[in-house]
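Quick notes on the structure that follows.
The values are calculated or read from the model by the stated rules, or taken from the named source; none is laboratory data. All values derive from a computational prediction rather than experimental measurement. Here the Cβ positions follow ideal geometry from the backbone for every residue, glycine too, while neighbour counts run over all protein chains shown. When the accessible area is computed, the model is the full protein with side chains, heavy atoms only, and any ligands, DNA or RNA have been set aside. Shrake-Rupley method; radii C 1.70, N 1.55, O 1.52, S 1.80 Å.
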Amino acid sequence: MRRFEYLRPLDRARAVDLAANPEVKLLGGGTNLIDLMKIGVETPEILVDTTRLGLDEIESRVDGSLRIGASVRNTDVASDRRVRARFPVLSAAVLAGASGQLRNMATVGGNLLQRTRCAYFQDVTKACNKRKPGSGCPAQTGANRELAILGGSEHCIATHPSDMAVALRALDASVLVETEKGAQTIPLADFYRLPGDRPDIETNLPYGALIVAIDVPAPVDGARSSYMKVRDRASFGFALASVAGVLRVADGRVAHVALALGGVAPLPWRARIAEAHLMGAPADPDHFHAAIDAELQAAQPRPENAFKVTLARRMVVRVLTELVGRGEVGVAPS
Amino acid sequence: MTRTTTTTRTTPAIGAAMTRIEGPDKVRGSATYAYEYPLDAVAYCCAVGSTIAHGRVRSTSADAIRQIPGVLEVLSHANAPRLAISDGSELAVLQSDRVAYRRQIVAAVVAESFEIATEAAGALEIEYDVEPFAVELKSDDPDLYRPDKVNPGFPTDTEAGDVDGALRSAAHVVDHTYRTPAYHNNPMEPHASIAVWEGDDLTVFDSNQGASPVRARLAELFGLPTGSVRVVSEHVGGGFGAKGLPRPVVVLAAMAARVVDRPVKIAVTREQMFAFVGYRTPTIQRVQLGADAGGRITAIAHDVIEQTSTIEEFAEQTAVATRMMYAGASRRTTHRLRRLDVPTPGWMRAPGECPGMFALESAVDELAIATRLDPIELRLRNDPPTDPETGAPFTSRNLEACLREGARLFGWSQRHAEPRARRDGRWLVGTGVAASTYPARARASKATAWARPDGSFDVELCAADIGTGARTALTQIAADALGAEPRRVRLGLGDTNFSEAPLAGGSMGTSSWGWAVTRACEGLRARLAAANGSVPVAGLAVEVDTKDEIERRAQRPAHAFGAQFAEVRVDEDTGEIRVARLLGVFAAGRIVNPMTARSQLIGGMTMGISMALLEASLLDREYGDYLNHDLAQYEIATCADVPMVEAHWIDERDDFVNPMGAKGVGEIGIVGTAAAIANATYNATGVRVRDLPIRLEKLIG
Ligand SMILES: Cc1cc2nc3c(=O)[nH]c(=O)nc-3n(C[C@H](O)[C@H](O)[C@H](O)COP(=O)(O)OP(=O)(O)OC[C@H]3O[C@@H](n4cnc5c(N)ncnc54)[C@H](O)[C@@H]3O)c2cc1C
Ligand code: SF4
């Protein structure tokens, strides 16, 4: 039997100490890590539970930002009054993910670090550069319908599966981490890495880092935000594509915009090119189209996922149009 | 001596919405499923699947694995006990070094605990001689062949008239190819067995759809008299066909228990459910329909391509429903198979009718468009008065009533025939219809009815209740035949110690078992009457066998029918598709229990929604197995995908099919659903999807 140790430290210093051991995996709600252990993808010797470290508060700060503790459950983020009032895009994104039961277990820290759902990654009898560097990437010519059209490489085209992270990316959130060497803040913009030739290294987290919290800066005055997700079934499915949009329009022109795409790239994809096109431009569908077309110029669709280019384009235009016009946009329709 | 009366009742039990007898036990968790029987000194077995798709096992690291503490034995072809068959078929488990498909069982570890067995199985190294493989079904494959018959014994091909000539001279022709992917049955309870040997007597607690056939097969494989094998299957958590016949795991359990001389448990993991317990073959189906100017069909051709394995032949009867569904003088059906390096396909809810009617009922919708007829009107014009192949009269055929009643309940008259005519904001809304059908058959069965001195009855036969409510329905049937209150009847099933009975399959359970139960109870009632109601202490029993009665009766085409109506909504930008409403009306004979019948019908229809929009086993062309082998990756409908499903039935009683007048309801619910949804999708969007599932990329292309 494959044995592992389970430790549940009650203070952060101890957890950080333990995390310096290469045999350790930190455990949040376990909804991804335990599954991966069952199928042999993850094989830690020691699990260190991070849910009793007092990291389960959402704190409102004087500058208008929110600090969300790493072990706050996904459900509690989505239902928090302040989150719903100030960051509807975040609440909607979390609610669009997984199922009620899973969201009750899943933590914010674990959600950021959940692994790709690429079918080959989840089957240890097959090659996968992310799981076993150098073994190959059967997804390039195989099952790639769900995989990336942006940011992939010949070594890996996995997508990052999180919905929450897409909203956080549009909100310019940053991640607070602690290691033996001290505390550090990493903007989400620098948190994830593109696969390049090392798809096994997914983040820029320092070695042995404990995620402590996520900071979400104060909302932009007058901006509206929304999240749209498209999946095969009405609920309980990963995004084929998703869009988190934040928009402020003044005098018919875009005064602030943040756009992040999910389900299309190895990381929550901030559409910087589209944003640059949009800033100061008239807030109308023609300009929205032109902007997202510019962003998707770089798309490299694979045989099974070319539809994602069309889908992402239409979703972005709809999210922006609805933000201009009728305020709220629903999550996935049902 | 006690007196037992059997005439105190006036309201029949048949037709009452009686709740499941074992429901409270299941809710309380006290109903015992195969894997749960408490036994001392039980050992655990974990099967090891091949990681190559074709070749031979050269060697294994079994010696090293045997050294792991807690490991009792490692089985492979090198040391497994010899069975009575060595033909390389699915049940010839570990009888040769040949690997016929990826994930086929090539070894097994038996250990003190489930965890040790699983871990050791993962650590077992196997060397193979690898051979090239073919796993992809292609319509132009030169190795397609014609099987001798199709499941379970239908002619492979049929032909009447001059199909090609009739097509050439038809006023309207549709000619299209439809495709369905492979599907894996995934009952809630995966296959599980516990095998216990006492000398040369074998007892197996097993999850199956028929304990009698499992017993017969085990006896044959292990060279035992049937009487030496007992199979107990009291509660079963679903099967959908996958448990219709014994699977390799039950053989493995018995084999392992023999070798370690202890009871051995085995449970198939969800991942293994996608490997060696059967699945529905993918199909490629060409349908050609020709009609005259008035929409009367003059030619029907349905040519099917599907797969089987290299080790066994399973030929799904995909075009068989086309033989009896619509009128038309010139008709042809064919089935061609390709032997691939894949697991042997098998039964899955409505084998044949389910994929076949997707193609036929889609094509009929296309013909309605070509002829500018309402699809209901087109079907009515071609509803044959007698079996179009043989001219024999149907025992009952109420397709028309189902179409008309369904149209009324659904509000079909509101429909726009033109596609893209209805909108609700960004949603395109469309409606579609398709017909359903399923044969009404019965197999011979035995049953025993006991009168007890306390005035109660035991009715016993080796039927299977796989969650359908069979136990409850048979209790109702017995109660009426005995003239007793249902609460005075105890129904025993799922044990080969009871009278031998056929499996739950082909929607024949209630028919076959109910027939035998009726006759046994009638016999008992007569004996009680003769004995003036007196019952000896040991009880009074009558056992019957319906074999002669069933063989003697005249053969006539007997089928249940139905009509399904779907309303779908498609987001014009994203192609997201949701089924807003699904309504079915069925003509399935007398409904024995409206509560359990309704759950069978809406269950089938819900499975049909999954088939239409979501389900597909993804072939890994590089490795040769199915990729999406868990329920996070193999998507089926969630509650949110099924906002409204209604099942109704018309008043029908068909006394030809069996003494209860009831046809089966287990499978017809999934027949036609996918076509109704595809037809509604066309009506909403103007896009015809001929390859399932209907995914959004096919609509935004
Ligand atoms: C069937 C299914 C469907 C799903 N659908 C969706 C979906 O639609 N959208 C979506 O976004 N998600 C979905 N999920 C994923 C779900 O959101 C994640 O599993 C969950 O968010 C992970 O959180 P967790 O706390 O359980 O993480 P865990 O499983 O405990 O951990 C995940 C990773 O995070 C690391 N980790 C955890 N906490 C910390 C910490 N404090 N510091 C450093 N590292 C840490 C762990 O070491 C591990 O590597 C789905 C999951 C399942 C099983
Ligand atoms: S896409 Fe990435 S995760 Fe998937 S097989 Fe290739 S390397 Fe592995």
Query raised in the report: What list of whole percents do you get for P(r) of chain B, with Cα-Cα distances grouped in 20 Å bins up to the one holding the largest distance?
Result: 18, 48, 30, 4
Query raised in the report: If each of B:Gln67 and A:Val62 carries a label point 7 Å out from its Cα toward its Cβ, how far apart are those two points in nm?
Result: 6.7 nm
Report summary line: Given unit charges at Cβ for Lys, Arg (+) and Asp, Glu (-), the dipole magnitude of the range A:1-78 about its Cα centre in debye, nearest 20, is 160 debye
Query raised in the report: If the chain between B:Ala554 and B:Asp129 were fully stretched, how many nm would it gain, using 0.36 nm times the residue separation less the Cα-Cα distance?
Result: 147.5 nm
Query raised in the report: How long is the range B:399-461 along each principal axis, judged by its Cα atoms, biggest number first, in Å?
Result: 69, 25, 21
Query raised in the report: Hey, if you put +1 on the Cβ of every Lys and Arg and -1 on every Asp and Glu Cβ in the range A:1-160, which of A:Gly64, A:Ala92, A:Phe4 ends up farthest toward the positive end of that dipole?
Result: A:Ala92
**Report entry** Reachable aspartates and glutamates from A:Lys181, criterion Cα separation under 15 angstrom, eight or more residues apart if same chain
**Finding:** A:Asp17
Report summary line: The correct pair for the range B:123-269, radius of gyration to one decimal and Dmax as a whole number, both in Å and from Cα atoms, is 22.6, 72
Query - With DNA, RNA and ligands ignored, accessible area of A:Cys137 (1.4 Å probe; Å², nearest 10) - result: 30 Å²
Query - Helix-derived mean residue ellipticity, 222 nm - over chain A, DSSP H n ≥ 4, -39500 (n - 2.57), to 500 - result: -7500 deg cm²/dmol
Query raised in the report: Given the rule -39500 (n - 2.57) for each run of at least 4 DSSP H residues, summed and divided by the residues of chain B, what is its mean residue ellipticity at 222 nm, to the nearest 500 deg cm²/dmol?
Result: -7500 deg cm²/dmol
Report task. Using a 1.4 angstrom probe on the protein heavy atoms only, line up B:Trp412, A:Trp269, B:Trp649 by accessible area, largest first. Result -> B:Trp649, A:Trp269, B:Trp412
Query raised in the report: What is the range A:225-325's relative contact order, in percent, from Cα pairs under 8 angstrom and six or more apart in sequence?
Result: 26 percent
Report task. Could you list the GluC sites (Glu not before Pro) in the range A:144-224 that lie in coil according to DSSP, counting only those with at most 15 other Cβ atoms within 10 Å of their Cβ? Result -> A:Glu154, A:Glu180
Query raised in the report: If the viscosity is 1.002 mPa s and the temperature 20 °C, what translational diffusion coefficient in µm²/s does Stokes-Einstein give for the range B:662-701 when Rh comes from Kirkwood over Cα pairs?
Result: 187 µm²/s
Query - Cβ charges +1 (Lys, Arg) and -1 (Asp, Glu), total dipole of chain B, debye - result: 1900 debye
Query raised in the report: If you count, for every residue in A:229-240, the Cβ atoms of partner chains within 10 Å of its Cβ, what is the mean?
Result: 6
Report task. Using only alpha carbon positions, build the gyration tensor of the protein assembly as shown, then give the equivalent ellipsoid semi-axes as the square roots of 5 times its eigenvalues, largest first, whole angstrom. Result -> 50, 38, 28
Query - Of B:Thr437, B:Asn186, B:Ser233, farthest towards positive along the dipole that unit charges on Lys, Arg, Asp, Glu beta carbons give chain B - result: B:Thr437
Query raised in the report: On full extension of the chain, what length is gained from B:Asp157 through B:Glu400, given 0.36 nm per residue of separation minus the C-alpha to C-alpha distance?
Result: 84.7 nm
Requested in this report: Using Cα pairs closer than 8 Å and at least 6 residues apart in sequence, work out the relative contact order for the range A:48-121, in percent.
Outcome: 27 percent
Query raised in the report: Equivalent-ellipsoid semi-axes (√(5λ), Cα gyration tensor) for the range B:142-194, whole Å, largest first?
Result: 38, 18, 12
Query - Accessible solvent surface per residue of the protein assembly as shown, calculated while the other protein chains remain in place, 1.4 angstrom probe, Å² - result: 37 Å²
Requested in this report: Rank these by accessible area, largest first, 1.4 Å probe: B:Lys547, A:Lys308.
Outcome: B:Lys547, A:Lys308
Query - Pairwise centroid distance, computed over Cα atoms, of the range B:338-362 with the range B:73-127, Å - result: 29 Å
Query raised in the report: With every protein chain kept in the model, how would you rank A:Lys126, B:Lys138 by accessible area, 1.4 Å probe, largest at the top?
Result: B:Lys138, A:Lys126
Query raised in the report: Kirkwood Rh over Cα pairs of the range A:225-325 into Stokes-Einstein at 37 °C, 0.692 mPa s: D in µm²/s?
Result: 241 µm²/s
Requested in this report: Could you tell me which of rounded, prolate or oblate describes the range B:1-160, using a ≥ b ≥ c as the square roots of the eigenvalues of the alpha-carbon gyration tensor, with rounded for a/c under 1.5 and, failing that, prolate when a/b is larger than b/c and oblate otherwise?
Outcome: oblate
Query - Theoretical FRET efficiency, 1/(1+(r/R0)^6), r = Cβ-Cβ of B:Asp387 and B:Glu418, R0 30 Å, to 0.05 - result: 0.25
Query raised in the report: If R0 is 45 Å, what FRET efficiency do you get for A:Ala127 and B:Arg372 from their C-beta distance, rounded to 0.05?
Result: 0.25
**Report entry** Inter-part distance where the range B:652-701 and the range B:474-545 are each reduced to a Cα centre, Å
**Finding:** 36 Å
Query raised in the report: Taking the Cα centre of each part, how many Å lie between the range B:291-333 and the range A:12-59?
Result: 57 Å
Query - lysines whose Cα lies under 19 Å from that of A:Lys130, excluding same-chain neighbours fewer than 8 positions away - result: A:Lys25, A:Lys38
Query raised in the report: Points 7 angstrom from Cα along the Cβ direction at A:Arg12 and B:Leu380: gap in nanometres?
Result: 7.5 nm
Requested in this report: Under 1.5 on a/c is rounded, so check that first for chain A, then, if it is not, pick prolate when a/b is larger than b/c and oblate when it is not; a ≥ b ≥ c are the square roots of the alpha carbon gyration tensor eigenvalues.
Outcome: oblate
Query raised in the report: Please report, for the Cα atoms of the range A:7-73, the Rg to one decimal and the Dmax as a whole number; what are they, in angstrom?
Result: 14.1, 45
Query raised in the report: What residue among B:Leu692, B:Leu583, B:Ser617 has its Cα farthest toward the positive end of the dipole of the range B:576-701, where the charges are +1 on Lys, Arg and -1 on Asp, Glu, each on the Cβ?
Result: B:Leu583
Report task. Summarise the partner chain shielding of B:621-629 as one whole number: the mean count of Cβ atoms from other chains within 10 Å of each residue's Cβ. Result -> 4
Query raised in the report: If you roll a 1.4 Å probe over the protein assembly as shown with all protein chains in place, what percent of the accessible area is carbon or sulfur?
Result: 50 percent
Requested in this report: With a 10 Å radius around each residue's Cβ, average the other Cβ atoms per peptide and rank B:308-317, B:82-91, B:116-125, highest first.
Outcome: B:308-317, B:116-125, B:82-91
Query raised in the report: Using 0.36 nm per residue, how much length does the chain from B:Glu115 to B:Asn497 gain when fully extended, once their Cα-Cα distance is taken away?
Result: 134.2 nm
Report summary line: With T = 20 °C, eta = 1.002 mPa s and Kirkwood Rh from C-alpha pairs, the Stokes-Einstein D of the range B:333-478 in µm²/s is about 105 µm²/s
Query raised in the report: Sorted by packing (mean other beta-carbon atoms within 10 Å per residue), highest first, where do A:84-95, B:594-605 land?
Result: A:84-95, B:594-605
**Report entry** chain A, relative contact order in percent, only Cα pairs under 8 angstrom and at least six apart counted
**Finding:** 17 percent
**Report entry** Nearest-20 debye value, the protein assembly as shown charge dipole, Cβ charges on Lys, Arg, Asp, Glu
**Finding:** 1800 debye
Report summary line: One can check that the equivalent ellipsoid of the range A:52-113, built from the alpha-carbon gyration tensor with semi-axes equal to the square roots of five times its eigenvalues, has lengths in Å, largest first, of 18, 15, 8
Query raised in the report: Is there a simple number for the mean count of other chain Cβ atoms within 10 Å of the Cβ of residues in A:136-145, and what is it?
Result: 3
**Report entry** Nearest-10 value in Å² for the accessible area of B:Thr685, using the 1.4 Å probe
**Finding:** 10 Å²
Report task. Give the value in nm², to one decimal: projected area of the alpha carbon convex hull of the range B:634-683, averaged over all directions. Result -> 5.7 nm²
Query raised in the report: Counting only protein heavy atoms and rolling a 1.4 Å probe, how much accessible area do A and B lose on contact, total for both sides, in Å² to 100?
Result: 3000 Å²
**Report entry** Sites A:Ala250 and B:Ala640, calculated FRET efficiency, Cβ-Cβ separation with R0 35 Å, nearest 0.05
**Finding:** 0.35
Query raised in the report: Once the principal axes of the Cα atoms of the range B:33-118 are found, what is the range along each, listed largest first in whole angstroms?
Result: 38, 31, 22
Report summary line: Quick calc: nm separation of the 7 Å Cα→Cβ label points for B:Leu409 and B:Ala17 -> 1.3 nm
